[in-house]
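One structure below.
The values are calculated or read from the model by the stated rules, or taken from the named source; none is laboratory data. Being a predicted model, the structure only gives us computed values, none of them experimental. A quick note on method: Cβ atoms are made from the backbone with ideal geometry, for glycine too, and the neighbour counts reach across all protein chains shown. Remember, those area values only see protein heavy atoms, side chains included, never the ligands or the DNA or RNA. Shrake-Rupley method; radii C 1.70, N 1.55, O 1.52, S 1.80 Å.
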Amino acid sequence: ALLFKGQKGEPAPEPAGMEEMGKFAAELARQKILKRGFPLAVDAEAACVPVRGGKSFVSDGPFAESKEVIAGVWIVDVASRDAALEIARRCPHARVGTVEVRQVVPMRPPSARRPRKKSPARKAPRKGKRAKKSPARRKKR
């Protein structure tokens, strides 16, 4: 994934810059590298929702403690980290902001998860043999 970061309070991107990003995105899409991408609204329109002690709290943006903001995200499908870094280097946003490269960690849907192994059933003792009692089940005399 590529995260496009900018500094808090920066002006909106220039139309020419957005057009250049659009052309670069189209090139990557034609190559079947860019799978998804989207810009994000400014942090003044964001909200954070922490849940503590079973209660949720909503904090509306902008967030004073943040210096950087995430302006957008692209999901790219490449064979290696080096390939993702090369895309980040070529990305027009890297000239005005920062492009952070992160691996997407795949999650298996619940239906694809392996079922838990059942503990083996205890075998019944054969005729004429006594089952051993566990130490916890032995009676004291």
First measure r as the distance between the Cβ atoms of Gln103 and Lys55, then evaluate 1/(1 + (r/R0)^6) with R0 = 22 Å and state the FRET efficiency to the nearest 0.05.
0.05
Within the accessible area of the stretch 5-93 (1.4 Å probe), percent carbon and sulfur
56
Can you spot the aspartates and glutamates whose alpha carbon is less than 19 Å from Lys32's alpha carbon? Ignore those fewer than 8 places along the same chain.
Glu20, Asp77, Asp82, Glu86
Each residue of the stretch 96-104 in turn: what ³J(HN,Hα) in whole Hz from Karplus with 6.51, -1.76, 1.60 and θ = phi - 60°, glycine and Pro shown as x?
10, x, 10, 10, 8, 9, 9, 7, 7
Could you tally the net charge around Asp43, taking each other residue with its Cβ under 13 Å from the Cβ of Asp43, Lys/Arg +1 and Asp/Glu -1?
-2
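Quick one: if the Förster radius is 35 Å, what FRET efficiency do Ala29 and Ala112 give, using the C-beta to C-beta distance and rounding to 0.05?
Efficiency at R0 = 35 Å is approximately 0.80.
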Using amide H atoms built 1.01 Å from N in the peptide plane, name the residues 5+ places from Val42, or on other chains, whose amide H lies under 5 Å from its own.
none
